[in-house]
Amino acid sequence: MSRIYIIGVSGTGKSTLAKELGKREIFAIDIDFVPNLCHWRNKKTKVEAEYSYGIGKDWLDAHEWICDQGKLEKLLNEQKGGVVVFGLAANQGDFLKLFDKVFLLHCREEVFLHRLTTRSGDNEFAKDKSEQKHILSWYKDFEKDMLTKGAIPINGEQSTHQVADEIMAKIRT
């Protein structure tokens, strides 16, 4: 297997899919949960910042989630076989070239908003309505941009098993 990057807005199923691929013995990395790989930073000052649940749209509009490209490259190079990386970072345009294929998980707005509102576990991001407004303000342009860059669209409304099967089939082609 090659290097695969799976992107999508919050609530499209990236973390759930990462767990499913792990069950299938596919090495998967969710960039949101690798310590010190990503951080929030102020867009103007470039100073790192701390997110807290419910921080709101205004804070999110002024900050961005950044992945450390050097650390990501190191992680990728440590893998002798293939790797599937899940995430969404403001600077991903800088590191998309590290991947052989990019998949875009997408679903209808009402689906990802419902998933965000009802999510449980260790990821509280965007449960807050104000944070959801932030996502709604940019996600359509983001999806169009990724498709223009060659991302392969995947319907995230299917069952996790179906999504995993579809991605695995497309990786092989």
Inset, instruction - Please state which one of LYS23, LYS71 is modelled with pLDDT of 95 or more, of a type outside the set (Val, Ile, Thr) and within 20 Å of the chain's Cα centre (by Cα). - result: LYS71
Legend entry - Pairs where the first residue, in region 96-123, is farther than 24 Å from THR148 by Cα and modelled with pLDDT under 95 and the second is part of a loop (DSSP other than H, G, I, E, B) and among the aliphatic types (A, V, I, L, M), C-beta under 9 Å, 6+ apart: LEU113/ALA126; LEU116/ALA126; THR117/ALA126; ARG119/ALA126
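Could you check how many residues of region 68-115 are in contact with a Pro (Cβ under 9 Å, 6 or more places away or on another chain) and either of a type outside the set (Phe, Trp, Tyr) or closer than 25 Å to LYS43 by Cβ (or both)? If you could, list the steps in order and put the result at the bottom.
Here is the first cut: in region 68-115, the ones in contact with a Pro (Cβ under 9 Å, 6 or more places away or on another chain) are 103-106.
Retained after the next criterion (residues that are either of a type outside the set (Phe, Trp, Tyr) or closer than 25 Å to LYS43 by Cβ (or both)): 104-106.
The total comes to 3.
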Inset, instruction - Select from region 46-59 the residues that are in a loop (DSSP other than H, G, I, E, B) and free of Cβ contacts under 8 Å to residues at least 24 places away in the same chain and write down the one among them that is nearest to ASP100 (Cα to Cα). - result: LYS46
Inset, instruction - Scan region 122-139 residue by residue and report those that are closer than 20 Å to GLN92 by Cβ and under 15 Å from the mean Cα position of the chain (by Cα). - result: ASN123, PHE125, ALA126, ILE135, TRP138, TYR139
Legend entry - Cross-chain or 6+ apart pairs with Cβ under 7 Å, region 68-87 first and more than 23 Å from GLY13 (Cα to Cα), then of a type in the set (Asp, Glu) and surrounded by fewer than 18 Cβ atoms within 10 Å (Cβ to Cβ): GLN69/ASP94
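Taking the conditions exactly as written (buried (at least 17 other Cβ atoms within 10 Å of the Cβ), at pLDDT below 90 and either more than 18 Å from TYR51 (Cβ to Cβ) or small (Gly, Ala, Ser) (or both)), does ILE171 satisfy them or not? Let's see the steps before the verdict.
Working: buried (at least 17 other Cβ atoms within 10 Å of the Cβ): yes; at pLDDT below 90: yes; either more than 18 Å from TYR51 (Cβ to Cβ) or small (Gly, Ala, Ser) (or both): yes.
Judged against the criteria, ILE171 is a match.
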Inset, instruction - Residue by residue through region 135-150, note down the ones that are surrounded by fewer than 13 Cβ atoms within 10 Å (Cβ to Cβ) and either among the small types (Gly, Ala, Ser) or in contact with a Pro (Cβ under 7 Å, 6 or more places away or on another chain) (or both). - result: SER137, GLY150
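The values are calculated or read from the model by the stated rules, or taken from the named source; none is laboratory data. Small disclaimer: the values here were computed from a predicted structure and weren't measured. Cβ sites come from the backbone with ideal geometry, for glycine too, and all protein chains shown count toward neighbours.
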